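Okay, structure first, notes after.
None of the figures in this text is laboratory data; all of them are computed from the coordinates on show. Keep in mind that this is a model prediction, so the values were computed, not measured. Please note: Cβ atoms are built from the backbone with ideal geometry, for glycine as well, and neighbour counts cover all protein chains shown.
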Ligand SMILES: *Cc1c(COP(=O)(O)O)cnc(C)c1O
């Protein structure tokens, strides 16, 4: 895919993306886009971002050769990109840092966010503490009960968690409340979205802050192998860790594989394999693949990993699927648990359950590879947060 330039100037990735928002948000989105485009080509801003990534997050994260896992499969060499070693335990901090720097440029004094499992809420609360900005996080009442440890973390970081009692009282309702808040308060408030989703410019902007993952991989794999990898594998919820590692390789001859959550299986209703089983629709300000009923209502989705449990997906992934540049596969809950066990015992790295979906795909991919090939897996986060779920789903 040479000369890849997405989105176009209207925020469209092919027929996906766009801005489907209340009219009052068109202007704030325009201001945000202009500030983003100005700052991303401003050397001082980029340097400030890179310095924070280095001194606060701990970047560059290592690329680790998985020696025993490679021997286990006996085929291609496997390397792991260690986003699990980022401050706060996952890649989400990359985007939170980039956006808070932008909020400061926009002279905003208040930050809002939505969160499902609480991981994005924690990343936002963290950067707000670092910069002394007021932080309010919308979270469904059901998620608040399920994820009480992250609620406590956010409070400890100085954020206020606002319970959402409408609808299904989960992520999509929290997002609706956050948008409602932003419509009312956009004068002094910046809304930090947690993945490459939402209205333009968010999918592009979040990608630009996450592409540091792939930029580092490119340098690191050259140092090890003196060439590009053959495959890059990443899990896909909204799609930010995946696009972050894929994007710098889009014009290269590298096979890119995104892995969605198949939950209890694609034959059931309990999954969130949006790109595999969904069809295009409008959701949260964008056109993208979407898990919806015949009548166009959003389906209830399921994954053992809270971070993949989302009925939509970023518009750029919809575009990359339809143009066949990225291949999208799936892994079930039980395959993810097996992969968690395998990586932990073979490499001493406990992956997040989201990440485990990418690792589960190695079972399908590796037998098809040869020993002179190279595979990179994005380890999007660490599994400590998932120990309670893992305990209830694993047998030794
Ligand atoms: C949130 C999260 C994900 C899913 O989000 P993407 O935007 O698809 O990357 C994946 N892995 C971890 C560890 C997460 O916390």
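Assorted remarks:
- The eigenvalues of the Cα gyration tensor, multiplied by 5 and square-rooted, give segment 1-81 an equivalent ellipsoid with semi-axes of 37, 22, 13 Å from largest to smallest.
- Taking 377, 164, 124 in turn, the Gaussian network model of the chain (Cα-Cα springs below 10 Å) assigns the largest fluctuation to 164.
- Pairwise Cα distances in segment 229-271 exceed 11 Å for 67 percent of all pairs.
- Under the shape rule built on the C-alpha gyration tensor, where the axes satisfy a ≥ b ≥ c, segment 230-371 is oblate, since a/c reaches at least 1.5 while a/b does not exceed b/c.
- Segment 23-81: relative contact order as a whole-number percent, Cα under 8 Å and 6+ apart: 20 percent
- Each Cα pair under 8 Å and six or more residues apart adds its separation to the average, and for segment 206-290 the resulting relative contact order is 23 percent.
- Burial ordering of 68, 279, 82, fewest other beta-carbon atoms within 10 Å first: 279, 68, 82
- For the chain, the relative contact order comes to 20 percent (Cα pairs under 8 Å, sequence separation of at least 6).
- Shape of segment 88-179, Cα gyration tensor, a/c cut at 1.5: prolate
- Antiparallel DSSP beta bridges within the chain, as percent of all bridges there, nearest 5: 30 percent
- Cα coordinate range in segment 1-138, projected on the principal axes (Å, largest first): 57, 40, 34
- Per principal axis, descending, Cα span of segment 175-263 in whole Å: 52, 33, 18
- Most to least packed among 141-152, 220-231 [average Cβ atoms within 10 Å]: 141-152, 220-231
- By the Cα gyration tensor, the chain has an equivalent ellipsoid whose semi-axes, rounded to whole angstrom, run 30, 23, 21 from largest to smallest.
- When its C-alpha radius of gyration is set against 2.2 N^0.38 Å (N residues), segment 291-396 gives a value of 1.21.
- Rounded to the nearest angstrom and listed largest first, the equivalent-ellipsoid semi-axes of segment 50-110 from its Cα gyration tensor are 35, 10, 8.
- One compactness figure for segment 252-326 is 1.10, namely its Cα radius of gyration divided by 2.2 N^0.38 Å.
- In segment 251-384, the DSSP beta bridges split such that about 55 percent are antiparallel, to the nearest 5.
- Approximating the spin labels as points 7 Å out from Cα along Cα→Cβ, the residue 264-to-residue 65 distance works out to 4.5 nm.
- Spatial offset of segment 99-125 relative to segment 63-81 amounts to 36 Å, using the alpha carbon center of each.
- With coordinates expressed along the principal axes, the C-alpha atoms belonging to segment 74-138 extend over 54, 25, 15 Å, beginning with the largest.
- Calculated [θ] (222 nm, deg cm²/dmol) that DSSP helices of n ≥ 4 give over the chain, each run adding -39,500 (n - 2.57): -12000 deg cm²/dmol
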